[in-house]
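Encoded as structure tokens, the structure appears first; notes follow it.
What follows is calculated from the coordinates using simple rules that are stated; it is not laboratory data. Keep in mind it's a predicted model, so treat the numbers as computed, not measured. Because the Cβ atoms are built from the backbone with ideal geometry, glycine has one as well, and the counts that use them run over all protein chains shown.
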Amino acid sequence: MRRKKIFYCTNCKKIIYDIEKLLLVEQGRCNCFCSENCIVEFHAPLLEYMEREEHSLRAEMNLLDEPALAYKNEEEFFKQTMGKPDKVWLDKNELGEEFYYFQSQFTPDGEAPLTKILVCYLFNGAPSFVLFQTCTRSKELIKEYQTGERIKNFLEYQKDQKIVAENENFEELPMEPQLIELIEQKRSHFLALLLEKRLPTDIPLESFGLYESYLPKTLEGPDEVYQYKDDDGEEIYTYIRSFEKDGISFFYLAVCLHVSTDMEKDEDVLVPILTFPSLDGELYADYKKGEQLTGSLKN
Ligand SMILES: [Zn+2]
């Protein structure tokens with residue numbers, strides 16, 4: 001008998017036998033994950049670090065209540081910056097990790113121009129995971145996020161990155177690149193919203209993995225399911241179920257994207273894009289969005 005080739009999740013160390021089940025976020029790095037939860041959990045300290053860093057920079061520059069922050073969650077600015085940034089920098093650290101700094105300028109009606117800033121990973125030439133985002137009009141703060149080497153022609157650069165990925169046989173990934181891109185874009189968006197809304201006293205991000213086993217239970221027997229179309233016309237399904245653990249009640253929420261499959265299969269699929277536990281009734285109420293569907297929806 002031959003020994004099987006295996007991979008394991010960088011976060012939870014679970015062994016993965018099937019290369020098609022690996023989730024990758026960084027180009028040319030071995031970090032791979034078994035689930036979305038593990039991606040979030042693994043990066044949680046970094047996400048939190050970048051939030052704290054922004055806070056102290058803003059405190060230093062007296063920008064904590066800057067009016068431009070009202071646009072921090074503006075979806076259109078986020079999407080346009082992800083899709084076609086005005087300026088890009090690549091900051092590579094000693095471990096070979098590549099952080100991409102995106103900046104784009106926008107001018108809201110009747111207001112001064114502002115700059116949208118994103119820090120993300122790139123995979124197969126496209127942003128794969130957003131680590132940080134903000135908006136500002138401060139030249140000083142903008143400068144703080146222009147770090148590393150400037151990539152002058154980003155479109156060309158993206159093409160080169162794609163060729164590398166194909167040579168490394170990443171075309172074995174099970175989903176269409178556009179679909180992966182869409183899922184990553186939605187995930188980043190919903191994660192940013194969650195980070196913005198959640199209370200500091202809620203279940204910490206680094207503990208989300210401990211709640212992973214509640215996901216299948218939530219999808220199979222939800223208390224409530226909501227459905228709505230987002231601004232892009234994508235169908236979003238939100239599954240919610242309450243549980244009790246160690247005498248404490250909490251909600252488990254799964255935000256899923258409805259994906260139409262190709263002609264080979266006649267079934268459509270729900271892809272969980274953000275799944276998390278919460279103790280916060282107000283946050284839970286925020287996710288009761290759209291039309292309530294009765295009973296559970298089986299796929
Ligand atoms: Zn894992």
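Proximity of backbone amide H atoms, modeled 1.01 Å from N, is registered between Asp223 and Ile240, Arg241, Ser242 at under 5 Å, excluding neighbours fewer than 5 places apart on the same chain. Rounded, prolate or oblate: which one fits the chain, using the alpha carbon gyration tensor with axes a ≥ b ≥ c (rounded when a/c is under 1.5, else prolate when a/b beats b/c, else oblate)? Since a/c reaches 1.5 but b/c is at least a/b, the shape of the chain is classed as oblate.
Relative contact order, whole percent, for the chain stands at 14, derived from Cα pairs under 8 Å and 6 or more residues apart. Sorting Lys186, Lys159, Lys197 from the fewest to the most surrounding beta carbons within 10 angstrom yields Lys159, Lys197, Lys186.
What lysines sit close enough to Lys143 to cross-link, taking a C-alpha to C-alpha distance under 25 Å and skipping anything fewer than 8 places away on the same chain? Here the lysines satisfying the reach criterion relative to Lys143 are Lys72, Lys79, Lys84, Lys87, Lys92, Lys116, Lys152. Placing dummy labels 7 Å off each Cα toward the beta-carbon, the span from Ala59 to Asn93 is 2.1 nm. The modelled label-to-label distance for the pair Lys245/Lys289, using points 7 Å beyond Cα in the direction of Cβ, is 2.4 nm. Taking each residue as 0.36 nm, the span from Thr201 to Leu279 lengthens on full extension beyond its C-alpha to C-alpha distance by 27.2 nm.
Check every DSSP H run in the chain and write down those whose alpha carbon atoms cover 18 angstrom or more along the long axis and whose mean Kyte-Doolittle hydropathy is -1.0 or greater. Length and hydropathy pass: 36-61, 154-167, 177-197.
Per-residue extension of 0.36 nm, minus the Cα-Cα distance of Lys13 and Gln227, leaves a gain of 73.6 nm for this segment.
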